[in-house]
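Report on one structure; see the data block that follows.
The values are calculated or read from the model by the stated rules, or taken from the named source; none is laboratory data. Keep in mind that this is a model prediction, so the values were computed, not measured. Virtual Cβ from ideal backbone geometry, glycine too; neighbours counted across all protein chains shown. These area figures cover heavy atoms from the full protein model, side chains too; ligands, DNA and RNA do not enter into them. Shrake-Rupley method; radii C 1.70, N 1.55, O 1.52, S 1.80 Å.
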Amino acid sequence: MIIINWKRVFTSMYYFLKLIFIGKKYDVVFVSSTAFNRGENGENILFKPMVDYCKKNGLKYAVFEETYFKSYIDYGVNKKSIPLDFISIIRILLNKIYNLIHKKPTTADQIYFQDLKISKILKNLFFRKFNSKVYITLIWNNVTLWRCVNPSACVVDYQHAYIYDGEEGGHMLNGSPPRVKVDNDVAALVHGERYKRILIDYDKSGFYSEENVITVGMNKILRTHKQIPVNNKKILFTLQLTPDFPEKEVNDFYVEIVEKLIGANANFLIENNYEIIFKHHPRYSTYYCPDINLQHDFISFDNKTPLSDLLNTASLHMTFHSTSAFDAAIIGIPTIFIDMHEPFSPNEMFLKQYEYPCKDLVIKNYKDLKSILITIDNKEIFNSYCDNVYQWSKEFYHDFDELVFGDFISSKIIESKDIQQKLIEKRKVNLQ
């Protein structure tokens with residue numbers, strides 16, 4: 001199912017057609033997908049403190065939002081943003097034309113080369129009169145385009161989820177950053193010092209450094225963790241069923257494991273008054289994803305209540321390898337990891353690179369859940385787990401640091417102006 005908001009498309013078309021004749025200049029441009037608008041009234045909570053800084057300091061800024069056309073949820077829209085929908089549609093058409101003329105790209109280098117070609121066309125069509133000194137993106141949204149538009153600008157990717165070495169299409173794979181980040185000289189803003197160290201220390205190419213990886217934190221206050229009573233037997237289970245997997249079998253096997261895990265432990269969970277609340281991934285779709293068929297009275301599904309509110313009612317968290325484990329740890333809730341499905345294994349990321357402190361809270365067979373719950377029912381053991389995960393989380397997530405962010409933005413605006421002036425002077429010399 002493809003969701004197209006035609007009003008947004010026409011609004012976007014008007015902006016970019018007008019841009020052909022009337023120029024726009026900004027200090028900072030924010031770019032993301034509407035899939036990140038998960039705050040109140042469709043607010044992008046990751047960008048919020050940065051946008052607030054720009055407002056407070058008189059910086060001219062714009063927010064570009066791109067609709068995820070293959071979306072399965074009609075995400076909220078920031079009313080003050082500029083839709084990128086028209087540019088996205090033109091890009092789709094150009095990709096199709098390119099694939100008709102040439103072979104469809106199959107390697108990362110071929111895909112990047114195609115992206116570069118199309119970005120240059122888009123620049124010449126719509127962005128000749130557009131200028132920004134800094135571009136801040138999420139999931140390096142259109143970074144090749146922004147680099148083509150403004151060679152002197154600082155292009156930044158702000159961390160949106162976890163960072164580790166091993167994710168194809170992510171920040172790093174086998175010690176190498178993706179070409180799109182290296183060739184476009186994309187800096188990184190991260191949530192915590194531990195993420196910064198992973199980028200720099202695991203990078204064999206030397207691209208990531210102290211100069212281009214900056215810890216700015218995020219809009220998440222690190223509260224003193226609550227002491228949860230041991231007799232609170234609520235478990236929040238964050239699911240990771242999404243339509244993104246090309247093989248249908250990946251999600252089917254995931255569902256099979258969940259159903260068998262709960263079925264194998266149902267009698268124990270009932271006898272000991274456990275309650276399990278399932279929460280689907282934000283991109284979950286009933287249209288594309290299989291159902292989990294569990295009819296037990298101790299199970300419920302809640303996709304409306306915010307994750308933070310659900311965690312505040314629970315004493316334990318369970319998942320395969322969702323970053324919701326960090327949301328839980330920040331308020332002192334231990335996570336029970338399920339390591340029974342290779343695409344969703346927590347082993348490489350959470351246990352090896354992140355060094356999760358509770359390595360015995362891992363399910364490798366269906367009987368392990370009962371054993372873990374019996375162990376964790378001890379008050380002293382439970383409280384030690386709570387303390388350990390809370391201390392661990394502080395290495396990864398700092399509260400947003402406005403001073404660090406402000407210093408970074410100010411230096412990059414000045415730097416962009418200097419580079420732009422040098423480019424102008426160089427062109428003058430070449431014309432003489």
Requested in this report: Any chance you could look up the accessible area of Thr375 with a 1.4 Å probe, heavy atoms only, rounded to 10 Å²?
Outcome: 60 Å²
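Whole number in Å², please: accessible area per residue of the chain, 1.4 Å probe, ligands, DNA and RNA not counted. Spell out each step's value before the answer.
Working: 21150 Å² over 432 residues.
Value returned for the chain: 49 Å² of accessible area per residue.
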**Report entry** Theoretical gain in end-to-end length, Asn365 to Leu125 [0.36 nm per residue, Cα-Cα removed]
**Finding:** 80.7 nm
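At a 1.4 Å probe, what is the % contribution of carbon and sulfur to the accessible area of the chain?
Working: 11240 of 21150 Å².
Exposed carbon and sulfur together represent 53 percent of the surface.
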Requested in this report: Taking the chain as the reference, fit the longest principal axis to its C-alpha atoms, fit the long axis of helix 402-431 to the helix C-alpha atoms, and give the angle between the two in degrees, 0 to 90, nearest 10.
Outcome: 30 degrees
**Report entry** Shape category assigned to region 256-390 from the gyration tensor of Cα positions, a/c cut at 1.5
**Finding:** rounded
Requested in this report: Grab the DSSP H runs of the chain that are 4 residues or longer, score each as -39,500 (n - 2.57), total them, divide by all residues and round the 222 nm result to the nearest 500 deg cm²/dmol.
Outcome: -12500 deg cm²/dmol
Query raised in the report: Modelled label-to-label distance, Ser176 and Val404, 7 Å Cα→beta-carbon offset: nm?
Result: 3.0 nm
Query raised in the report: Got the relative contact order for the chain handy, in percent, Cα pairs under 8 Å and 6 or more residues apart?
Result: 15 percent
Query raised in the report: Quick one: net charge of Phe350's neighbours, Cβ under 11 Å, K/R +1, D/E -1?
Result: -1
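Rounded, prolate or oblate: which fits region 13-54, taking a ≥ b ≥ c as square roots of the Cα gyration tensor eigenvalues, rounded meaning a/c under 1.5, else prolate when a/b beats b/c? Walk me through the intermediate numbers first.
Values: a/c = 3.47, a/b = 1.71, b/c = 2.03.
Oblate is the answer for region 13-54, as a/c is 1.5 or above yet b/c matches or exceeds a/b.
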Query - Listed pairs Lys181/Lys417; Lys56/Lys120; Lys48/Lys181; Lys24/Lys117 exceeding 27 Å between Cα atoms - result: Lys56/Lys120
Report task. Starting from the Cα-Cα distance between Asp109 and Asn293, subtract it from 0.36 nm times their residue separation and give me the gain in nm to one decimal. Result -> 62.0 nm
